[in-house]
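Asker: Before I ask anything, let me first share the structure, which is written out below as structure tokens.
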Amino acid sequence: MKGLSDIVKVNGISKHYGDFTALSNVGFTIEPGSIVGLIGPNGAGKTTTLKAILGLTDFEGDMSVLGRDPRRGRHKVMQRVCFIADVGVLPRWLRVSDALNYIEGVHPNFNRSKAEAMLADTKIPKKHKVKQLSKGMVTQLHLALVMAIEVDLLVLDEPTLGLDILYRKSFYENLLNDYFDHETSIVISTHQVEEIESLLTHLLFINQGQIVLDCAMDELDQVYTEVLVGPDQLTAANALGPVHSRDILGQKAMIFENVPRGELAELGELHTPSVADLFVAKMQR
Amino acid sequence: MNQLTVLIRREFWENRSIFLVLPAVITGFFLFLLLLGAVASPSDAITLQVDIQSDEEVEFLDDLLVSGHLYQYALLQLDARPMAERVSYINATMQSLSAPLLFTLWFVILFYLLGSLYDDRRDRSILFWKSLPVSDAITVFSKLLTALVVVPLVYLVGVMLLQLSALIFVSMSAFGTDISAVDTVWRPAGVFITWLRSIGLLFFYALWALPFFGWLIAVSACAKSAPLAWAFGIPLGIRLLEAIFTDQSRVGDWMHDHIIPISFLDQHRPTAENAFSYLLSLQMLSALVVGGAFIYLAIWARGKADEI
């Protein structure tokens, strides 16, 4: 499956729950080897988008995941895609050792010894059932299971929600250390931008069921510029149409979209905005 | 098919208590009662002898009080009777011994199927199961196979153990007497034929009641709450509507026929001779078609299913 031009191609999908529009004409692509952050506030449509990719929910519109329509061939797609949902969805009655047995039995790309090695680094007893593990351990377990499966796409839906800071840190460290040598693409949804900012190669912002930003991290500085504008330059700056502005120590921090840096240079100090500031700017519009 | 094996094992991990522990406990309990029969005096045994129920055996019980222990007495009684009566006494006893386990089995299958595609939507673990490359069809199939083949076989092992123990206890009292245990107990019992017949009956009932079992798994796949209420509410509603708007009860009778095991055993029991034509009878074929449609519905609904 490697060498496909796009891992995921979403062409304007929509999803309605009764009168509520969860997704409205959402479109984006995920390239091989990219780490995409799907970022939006609660209820923005992150989970619905990811579930649609995984064939776990119905939708209107077109999508191909590894060349397949996930609605039709979910079980085929899942040979090359892994998924960790927000808080532990591992069944409470499942024993750790049986989880290994099960995945070994149903997944052609599962490397059991790799999973065992990763579990050996944790304090998870193999004889325990999921219900006997702490929340952090359940996430560690799920991560160990999933990381031992060789896939083209890993989908993480708020994987660290409800975990304390120590687990969150080590979760992303494990993820990076393990997946950076792979060619696997990763999609991570979260509403905590700062935590994953440094991992990402692509940004997708979603708000009220619509994609409001779709940009590669290394192109961010070509599209977005933050300028610290002094009081005397305010009128000139506003004329260039900032997408967001906020007060910092008597100055205005303004974010511009698609305004050449040459035109902005006279206004003040130029930065590339942080993802968090960009997020606030995009969500408040 | 390796995947299917793992899927069935998974069902046993989840439902160990009702698939293995429960039949073991029931078997153990009745084994204990059988053992009591060997050591208790007949006057004690009369209250414990739960497996003798039918009218014709009442005289057994009356005489019991004046004899040695229970199995010795049973042996003497059998020895005194012609072959045909031995067969019917032993058969009745064997059937009684199977009743508690098979009665439990029916309820175990009922509740297992109702929860099989519902519970994981409830606790959100469906997101885990569906994130693995297992098709919806094989998922549903593995649950049906577990409910209608594997678990019944487990319960049958318990039945066989009880029947075998009872026969062994009776034959043991033949030691030191000139009564032949083979002639009085084992030949009339015909254990292997009896067991084959039990397996055959279970198999036929599974097919005969496929509309019911298919319906249960379809409800389990579709219901957003209270699957038990849907599973019985809708058929009862249909029965009620039929009673109100027509003066017939054909749909109601058909449902009754294909649900209640007693009605199957009393009126639609297959025999070794008619097994094949039974399978191809209109009644059976209609059951397979309706059952198959419900199973298809369950697979379809499982494909659309999300957490609830």
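Asker: Considering only A:P231, A:P242, A:P273, give the residue with the highest GNM mean-square fluctuation for chain A, with springs between Cα atoms whenever their separation is below 10 Å.
Answerer: Looking only at A:P231, A:P242, A:P273, the largest GNM fluctuation is found for A:P231.
Asker: Just in the range A:20-82: which trypsin sites (Lys or Arg not before Pro) are loop by DSSP and have at most 11 other Cβ atoms within 10 Å? Provide the component values of the computation, followed by the final result.
Answerer: On the way: sites: A:K46, A:K51, A:R68, A:R71, A:R72, A:R74, A:K76, A:R80; in loops: A:R71, A:R72, A:R80.
The qualifying sites are A:R72.
Asker: Sticking with this one: Mean 1/r over all different Cα pairs, inverted: what Kirkwood radius does the range B:148-231 give, in Å?
Answerer: Numbers: mean 1/r = 0.0629 Å⁻¹.
In the range B:148-231 this quantity evaluates to 15.9 Å.
Asker: Can you pull the mean other chain C-beta count within 10 Å for peptide A:263-275? If you can, show how the numbers build up before the last one.
Answerer: Values: counts 0, 0, 0, 0, 0, 0, 0, 0, 0, 0, 0, 0, 0.
Mean inter-chain Cβ contacts per residue within 10 Å come to 0.
Asker: What 222 nm value per residue comes from the helices of chain B, counting each DSSP H run with n ≥ 4 as -39,500 (n - 2.57) and dividing by all residues, nearest 500 deg cm²/dmol?
Answerer: Values: 17 runs with 224 residues, N = 308.
That calculation yields -23000 deg cm²/dmol at 222 nm.
Asker: Which of A:K169/B:K130; A:K129/B:K224; A:K123/B:K143; A:K51/A:K135 have a Cα-Cα distance over 24 Å?
Answerer: Values: A:K169/B:K130 28 Å; A:K129/B:K224 27 Å; A:K123/B:K143 34 Å; A:K51/A:K135 22 Å.
Long pairs (Cα-Cα over 24 Å): A:K169/B:K130; A:K129/B:K224; A:K123/B:K143.
Asker: Same structure again: What does the average come to when, for each residue of peptide A:92-100, you count the partner chain Cβ atoms lying within 10 Å of its Cβ? Don't skip to the end; give the middle numbers.
Answerer: On the way: counts 2, 8, 5, 1, 0, 0, 6, 3, 0.
Per residue, the average neighbour count from other chains is 3.
Asker: Can you tell me, using C-alpha contacts under 8 Å and at least 6 residues apart, the relative contact order of the range A:166-218 as a whole percent?
Answerer: Values: 26 pairs, mean separation 12.1, N = 53.
For the range A:166-218, the relative contact order is 23 percent.
Asker: Roughly what percent of Cα-Cα pairs across chain A reach past 28 Å? Don't skip to the end; give the middle numbers.
Answerer: Values: 17614 of 40470 pairs.
Every Cα pair in chain A considered, those over 28 Å come to 44 percent.
Asker: Now for a separate question. Any idea what the relative contact order of chain B is, in percent, if you count C-alpha pairs under 8 Å spaced at least 6 apart? Provide the component values of the computation, followed by the final result.
Answerer: Numbers: 288 pairs, mean separation 75.3, N = 308.
In percent, rounded to a whole number, it is 24.
Asker: For B:A223, what residues show an amide H to amide H distance below 5 Å, using hydrogens built from the backbone and excluding near sequence neighbours?
Answerer: none
Asker: With θ taken as phi - 60° and the coefficients 6.51, -1.76 and 1.60, list the Karplus ³J(HN,Hα) couplings across the range B:167-175 in order, rounded to whole Hz; mark glycine and proline as x.
Answerer: Values, residue by residue: 5, 5, 4, 5, 5, 4, 6, 7, 4 Hz.
Asker: Relative contact order (percent) for the range A:12-64, with alpha-carbon contacts under 8 angstrom and 6 or more residues of separation?
Answerer: Details: 51 pairs, mean separation 21.8, N = 53.
About 41 percent, as a whole number.
Asker: On average, how many beta carbons from a partner chain sit within 10 Å of the beta carbon of a residue in B:118-125?
Answerer: Working: counts 0, 2, 2, 0, 0, 5, 7, 9.
What the average comes to for B:118-125 is 3.
Asker: Note the angle between two axes, namely the Cα long axis of helix B:282-304 and the longest principal axis of the Cα atoms of chain B, as a number of degrees from 0 to 90, rounded to the nearest 10.
Answerer: 50
Asker: I would also like to ask the following. Once both axes come from the Cα atoms, what is the angle between helix B:83-116 and the longest principal axis of chain B, in degrees from 0 to 90, rounded to 10?
Answerer: The angle comes out at about 30 degrees.
Asker: Nearest-5 percent of antiparallel DSSP beta bridges in the protein assembly as shown?
Answerer: Working: 36 of 54 bridges.
Here the antiparallel bridges make up roughly 65 percent for the protein assembly as shown.
Asker: Using the basic label-point model (7 angstrom from Cα toward the beta carbon), what is the A:H271 to B:W186 distance in nanometres?
Answerer: Modelled inter-label distance: 9.2 nm.
Asker: In addition: Would you look at the GNM of chain A, springs on alpha carbons closer than 10 Å, and say which of A:V89, A:V275, A:V26 moves the most?
Answerer: Between A:V89, A:V275, A:V26, it is A:V89 that shows the largest mean-square fluctuation.
Asker: Ok, one more. Can you pull out the trypsin sites (Lys or Arg not before Pro) in the range A:88-129 whose DSSP state is coil and whose Cβ has at most 12 other Cβ atoms within 10 Å?
Answerer: Sites meeting the loop and neighbour criteria: A:K123, A:K127.
Asker: To test your reading of the geometry: what angle, between 0 and 90 degrees and rounded to tens, separates the Cα axis of helix B:70-79 from the longest principal axis of chain B?
Answerer: The angle comes out at about 80 degrees.
Asker: For the range A:122-275, what does the convex hull of the Cα positions come to per residue, in cubic angstrom? Let's see the in-between values first.
Answerer: Numbers: hull volume 23.4 nm³, N = 154.
Taking the convex hull of the Cα positions in the range A:122-275, it is 152 Å³ per residue.
Asker: Report, in cubic angstrom per residue, the convex hull volume of the C-alpha atoms of the range A:219-284.
Answerer: Spread over its residues, the Cα hull of the range A:219-284 gives 77 Å³ apiece.
Asker: Additional query: Convert each backbone phi in the range A:73-83 into a coupling constant with the Karplus relation 6.51 cos²θ - 1.76 cosθ + 1.60 (shift: θ = phi - 60°), then list the ³J(HN,Hα) values in order as whole Hz, x for Gly and Pro.
Answerer: So the J values, rounded to whole Hz, are x, 3, 5, 6, 4, 5, 5, 10, 10, 10, 9.
Asker: How fast does chain B diffuse by Stokes-Einstein, in µm²/s, taking the Kirkwood radius from C-alpha pairs at 37 °C and 0.692 mPa s? Don't jump to the answer; show the numbers that get you there.
Answerer: Numbers: Rh = 21.8 Å.
Value of D from the Cα-based Kirkwood radius: 151 µm²/s.
Asker: Using a simple spin-label model with points 7 Å from Cα along the Cα→Cβ vector, what separation in nm is obtained for B:S88 and B:A229?
Answerer: For the pair B:S88/B:A229, the computed spacing is 4.9 nm.
Asker: What is the spin-label model distance, in nm, from B:L240 to A:D218 if the labels are put 7 Å beyond Cα along the C-beta direction?
Answerer: Each label point lies 7 Å from its Cα, and together they span 6.9 nm.
Asker: Compute from the Cα atoms of the protein assembly as shown the Rg and the Dmax, the latter being the longest Cα-Cα distance, and quote both in angstrom.
Answerer: Looking at the protein assembly as shown, its Cα Rg and Dmax stand at 33.4, 122 Å.
Computed from the coordinates by the stated procedures, all read-outs in this text should not be read as laboratory data. Predicted, not measured: the structure shown is a model, and the values here were computed from it. All Cβ positions, even for glycine, are placed from backbone atoms using ideal geometry, and neighbour counts span all protein chains on display.
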